[in-house]
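This report concerns only the one structure given below.
The values are calculated or read from the model by the stated rules, or taken from the named source; none is laboratory data. This is a predicted model, so every value here is computed, not measured. Glycine gets a Cβ as well: all are built from the backbone with ideal geometry, and neighbour counts include every protein chain shown.
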Amino acid sequence: MKFLGQVYKLKETLTEIKSELTPSFDEVLRRYQGQFVRTKFKDPTYTIEATYPTEPLKTFIRRIIGGLQTPTVQGTYLIRGFGFGKTHALILLWHLLNSKEAAKSKLARDLGIDEELTRETITIGADFSKEKPLSMIFGELEALAKRRPEWTIKDPKLSQAAIEVIGRITRREALALSTEKMANIVTTIAEKYRNLGGNPRILLLIDEFGIGIIKRIINYIETGNEEKYTEIERMINFIENLYVRLSGQGIPTYIIVALAEQDERELNAIQLQQADKPEYYNKIEGLRKRLDAIKDRLGRAAGGLTEEAALSQDPQHAIEIAKHRVLKQVDDKEAAANSLISYLYLQAEQYNLTKALESQKEIIKVNYPFSPSMIWLLKKIMNPIDAPRTEYVRTVIYIAAEAAERALTLEPERTFTIGVEHLPLARAGVIDLMGEFETEWTGTITDMEHAIRTAPSEIKRLATSIAGQILAKGTTANVTALIEVRDINELKRYGVSPEEIQIDLLATREPEEASKTLTRIEEAVEYLKTKSARIEEKEYDGQKFYLPSLMRTIFDKLAAFVSEQQRILEDEAQIPAYLQSTGIPSLFYNPKAFIPSREREVTILLKEYNTVLNIDELLDSEDVRESQRAGKATLIVVPPWDAYLFNELYKRRTDYHTLINTISQKLRGANAEGKIARPFHLSILIPNISPEKLTRLKDDVISYMAVKEFLKHLKDKERIIEDRLYDYEKTIQKRLTLRLVEYFEQQRKKLETSLRHSLERQILDASSSAQRELIKLTRRIAASVLELYDEAIYCSLQTRDFTSKNLIQLFSELEPRIEREKAESIQDYSLIINMFFGKVIGLIGLTWNLNAIADALYKHYENEIMSGAIREQDRISEVIENLMLGTYEIKPLSAKIAREAIQRLNGRTVKTEDIIVTLKVDESRNLIKFEYEKIKPPPPTKEAKPPPTITLPPITPPERIPIKTIKNITLDINQSFNYDEFRAKLETLYNTYGTLINSINIGASGNTIRVEFSLIGAQHTPSTVVGVIRFLSHLLRIYKTTPYIDIKFSSPIPQEKVAEIFGEEVLKKVRRSWDRLLPT
């Protein structure tokens, strides 16, 4: 499958195409008289190459060629709208019947034009919008007589005839000639040529007849200058005289008069304006009757038929012309189109779009490289009912050129087709073609663009594309039809289905991007509907369609509610009170640490920031002292709406990490002074409500409150409908013509019924959408509140003092749980907050694992007994206190947990070489007893005959050498750190001492950042450890900080073994223990 840029290139730039979109017949005529002109259409070759010969165009020209071989006078009024190709057709005819290059072209052969026909035809023309058109015709006859280079294809006998007729007439004399004499000159040249043995034909081409008449009429009315009106009469007289003079002469003659439909309508309007001025009114009326008479005469030879029908263009022809004018093929387009269809079928199967694709397959293939959305737009441009200001083919070419240039310039290797996403929204909606409704549609575009500007970055481009698709198909000046949309055909005409959106995106975007995009279409549509209030959703037989709305939909009230809420916070000082009034405090109602069966072992206390800042006041507060006395974990939480904290972080812009460090230092000071009885069981959470962090929560809360107000508003359905009906009627009637006003009055009940049904659907849809939005916002508010708590202040077991720990990993753990919630009330997410508190407790090292606590205490006793220490009993209360103070390298959640863990020591034994020690827990006496039992020696064996006695010299046993050991390894990660080498060393350590690894801590500390990852136990693979190191190293680059690794062991290991694995250098960074002996 090939991208657009591999199949097509631009023929010309948009600027070049735009400069030639309105070709000038006058410039071409002047070029044939030797004058300098700029238009590229002066060149026959360029004109031939720029022409896409549609069947209607070929039919039109063939009929004219046929007429030039019929010995009579005939012709046509070529009446089509602006941009339909009238002037282009006349220029093409001019070149084909005057130019050697054009006459010898393949196009000429296909049209049945031979060189002989061009040699013998007297082709003359004028642009009636210019001054002195008859003088232009005389100049052409002069050029023919003088055989200027442009006319050398003409038969020399024809030039000779022209010389004989006009040789003695000067240009000044020609200007004074009557129209009858001018007609006689043309006729006489033809007759002379026939007398010289030639086969004469005459082709007269008059362009811009309508605008030429209008300019002169307006001048005549404004100035009273009769000459301007006379100029119109002279041209009409010339055509009539030529027709009369040639009638019955047997000289094939064809007269083409081109004028725009719009000019006819304007002439009618001018006449109506002069209704109170009989002189002007009657002259215009007489002029119109003469024009009709000429039209009848010219069509007489064709049985009253004209050629305008033959030149009609259907939308498909316009698209083909646009492709021909804009794109240059550089590879096989058929193969590329077939490849695209095959790719789309594969994707359609994956996304359940096969049926939808089947209905669009041929359209995509035939119109390649235009995407479906581009095809909708180009076809609409060709419909004057939908786009009354259209200039038909000219507009189609321009729109296609603009989109193609953007596609082939910005993403030639990233898009398969040219789509409306390559156009600005205003161009996708072609609002400047909407006639009387341009202002209203401009408002629609403005609202959509505003919504897109504020869209989340991950859906912004998708929202733009979808908005373009909806506008491309749905904008129309036929507003009554848009309102009345009732059946499936009307919906398909103006509405875009979700399946069409998906297929258009698949046909445009590269596969990877398209697959990511398709999963978010519903989110993007919902966002556009609610934020722009300009998209209406309709449904027919279970099929959804999205249409643009001329009027703001019901969602505009939601936008108004959002504005009201935003005004409340224009004074930033109101933010804390606002947050407190919106339901966020309900998240902290009855706060607990969600630890199954252990929630009562943790006390959660909400405190003001000022209290936390004053450590002495905090420690002296009754609830904190009570929690410490009870041996519970105490978690102090400052809520997000705290006014003192808001002033510090939001208003004064104090750095959050500086604030955390300040609190930590104060706690360290209080701990050093012995003011904290159980430091390991005191921790603090302070939210980061700096402007950068609080913005998302603030915006979400504003939206949440607005949606709640919106849902209340939707309950008053009848009032909403009445207000909307009034707005629709006022807007539509303001723009309707007299005829349409009458139609509107006749159709009022029907329209009101349609509108009412539409509004009822809108209300239902808005209510459903608002409910979904409310659920989404409550989720986001809960998540935003959690994410404010960047760090926890706690007492570290490693440093034996207060520090902070980053909580970022907890958010990713809780995110799936939040996304599963469907609650509409913020309070319903309090369980999530409690789960967060529980995870914070676990992250700072407090444990409620009874076996782990019991094992730590057991290991302590085992080490003492193995080293020879003898004890009879320990008081349980003292052991509990030691556990709470971290004496045994573990932090039990509470004193109660510690006591339960001690119970698990009962009956456990420690065995040495000569004794067995049994631990007995006597709760009633508050004692742990140690019972000793000597190990009996093995029974003696039967006496055997003693072996002969050999006396050996005494052997002195080797002296027991102290073995140096370590309990942790510290490594710095600098730029030269070799990750692969470290992984290999870590695998060796795992294989040798893996069971003794207690934890691997990876962290860093700098002026503006502190972070630590703790991998507990030995179950983490070396690859996982290295992956964490790589991630953290990458993260810390912007802080110019390098991380470190600290590996801790549950029991000491030999230093020399560490040196063998990691090298001697690592020993300089470890804490050593020299007083431990390992048995030999």
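Odds and ends about this structure:
- Residue in the range 301-311 that is in contact with a Pro (Cβ under 9 Å, 6 or more places away or on another chain) and modelled with pLDDT of 90 or more present: no
Residue-wise test of (1) out of contact with any strand residue (DSSP E or B) (no Cβ under 6 Å at 6 or more places or on another chain); (2) modelled with pLDDT of 85 or more.
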| residue | (1), (2) |
| --- | --- |
| ARG871 | no, no |
| VAL879 | yes, yes |
| MET884 | yes, yes |
| ILE890 | yes, yes |
| LYS911 | yes, yes |
| PRO940 | yes, no |
| PRO953 | yes, no |
| PRO957 | yes, no |
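- Being surrounded by fewer than 19 Cβ atoms within 10 Å (Cβ to Cβ) and on the phi > 0 side of the Ramachandran plot is not true of GLY845.
- Criterion (under 25 Å from the mean Cα position of the chain (by Cα), surrounded by fewer than 22 Cβ atoms within 10 Å (Cβ to Cβ), in contact (Cβ under 8 Å) with a residue 12 or more places away in the chain and not in a loop (DSSP other than H, G, I, E, B)) met by exactly one of GLU405, GLU413: GLU405
- Selection from the range 25-67 of residues that are part of a loop (DSSP other than H, G, I, E, B), more than 42 Å from the chain's Cα centre (by Cα) and either in the same structural domain as LEU327 (by TED's automatic domain parsing) or farther than 14 Å from HIS95 by Cα (or both): GLY34, GLN35, PHE36, VAL37, ARG38
- Candidates in the range 226-252 are the residues that are farther than 16 Å from PHE138 by Cα and of a type in the set (Lys, Arg); of these, the one that is modelled with the lowest pLDDT is LYS228.
- Among the residues making up the range 880-920, a single one is of a type in the set (Gly, Ala, Ser) and surrounded by fewer than 16 Cβ atoms within 10 Å (Cβ to Cβ): GLY907.
- Residues that are assigned to a helix (DSSP H, G or I) and either under 36 Å from the mean Cα position of the chain (by Cα) or at pLDDT 80 or above (or both) within the range 1006-1034 comprise PRO1022, THR1024, VAL1025, VAL1026, GLY1027, VAL1028, ILE1029, ARG1030, PHE1031, LEU1032, SER1033, HIS1034, listed in sequence order.
- Within the range 73-104, restricting attention to residues that are at pLDDT below 90 and part of a loop (DSSP other than H, G, I, E, B), the residue that is surrounded by the most Cβ atoms within 10 Å (Cβ to Cβ) is GLY85.
- Residue-level analysis places LEU141 among those that are assigned by TED's automatic domain parsing to the domain that holds GLU116, touching a strand residue (DSSP E or B) at 6+ places or on another chain (Cβ under 9 Å) and assigned to a helix (DSSP H, G or I).
- Boolean, SER597 is among the polar types (S, T, N, Q) and touching a Lys or Arg at 6+ places or on another chain (Cβ under 9 Å): no
- When the residues of the range 321-336 are filtered to those that are assigned to a helix (DSSP H, G or I) and closer than 17 Å to PRO412 by Cβ, the one that is farthest from the chain's Cα centre (by Cα) is LYS333.
- When restricted to residues that are in a helix (DSSP H, G or I), farther than 16 Å from PHE680 by Cβ and in contact (Cβ under 8 Å) with a residue 12 or more places away in the chain, the range 864-888 contains 4.
- PHE837 vs. criteria buried (at least 20 other Cβ atoms within 10 Å of the Cβ) and more than 19 Å from ILE1009 (Cα to Cα): yes
- Which numbered condition ILE113 misses (of (1) modelled with pLDDT under 90; (2) surrounded by 18 or more Cβ atoms within 10 Å (Cβ to Cβ); (3) part of a loop (DSSP other than H, G, I, E, B)): (1)
- Here LYS651 fulfils each of the conditions (1) without any contact (Cβ under 8 Å) to a residue 40 or more places away in the chain; (2) loosely packed, with under 15 Cβ neighbours inside 10 Å; (3) among the basic types (Lys, Arg) apart from (1).
- Selection count, the range 170-180, where residues are surrounded by fewer than 16 Cβ atoms within 10 Å (Cβ to Cβ) and farther than 17 Å from GLN249 by Cα: 7
- Take the conditions (1) buried (at least 16 other Cβ atoms within 10 Å of the Cβ); (2) touching a residue at least 40 places away in the same chain (Cβ under 8 Å); ILE488 misses just one of them, which is (1).
- Within the range 591-644, helices (runs of 4 or more DSSP H) holding 3 or more residues that are surrounded by fewer than 16 Cβ atoms within 10 Å (Cβ to Cβ): 615-620, 622-629
- Tally, over the range 493-516, of residues that are assigned to a helix (DSSP H, G or I), among the basic types (Lys, Arg) and closer than 19 Å to PHE370 by Cα: 1
- Residue under evaluation PHE802, criteria (1) modelled with pLDDT under 90; (2) in a strand (DSSP E or B), criterion not met: (1)
- Checked against the criterion of being out of contact with any Leu (no Cβ under 8 Å at 6 or more places or on another chain), surrounded by 16 or more Cβ atoms within 10 Å (Cβ to Cβ) and over 26 Å from ARG245 (Cα atoms), the candidates GLU16, GLU12 yield just one match: GLU12.
- For the range 797-826, the candidate set comprises residues that are hydroxyl-bearing (Ser, Thr, Tyr) and either under 27 Å from the mean Cα position of the chain (by Cα) or over 23 Å from ILE660 (Cα atoms) (or both); within that set, the residue that is surrounded by the most Cβ atoms within 10 Å (Cβ to Cβ) is SER825.
- Subset of the range 206-235 [in contact with a strand residue (DSSP E or B) (Cβ under 6 Å, 6 or more places away or on another chain) and of a type in the set (D, E, K, R)]: ASP207, GLU208
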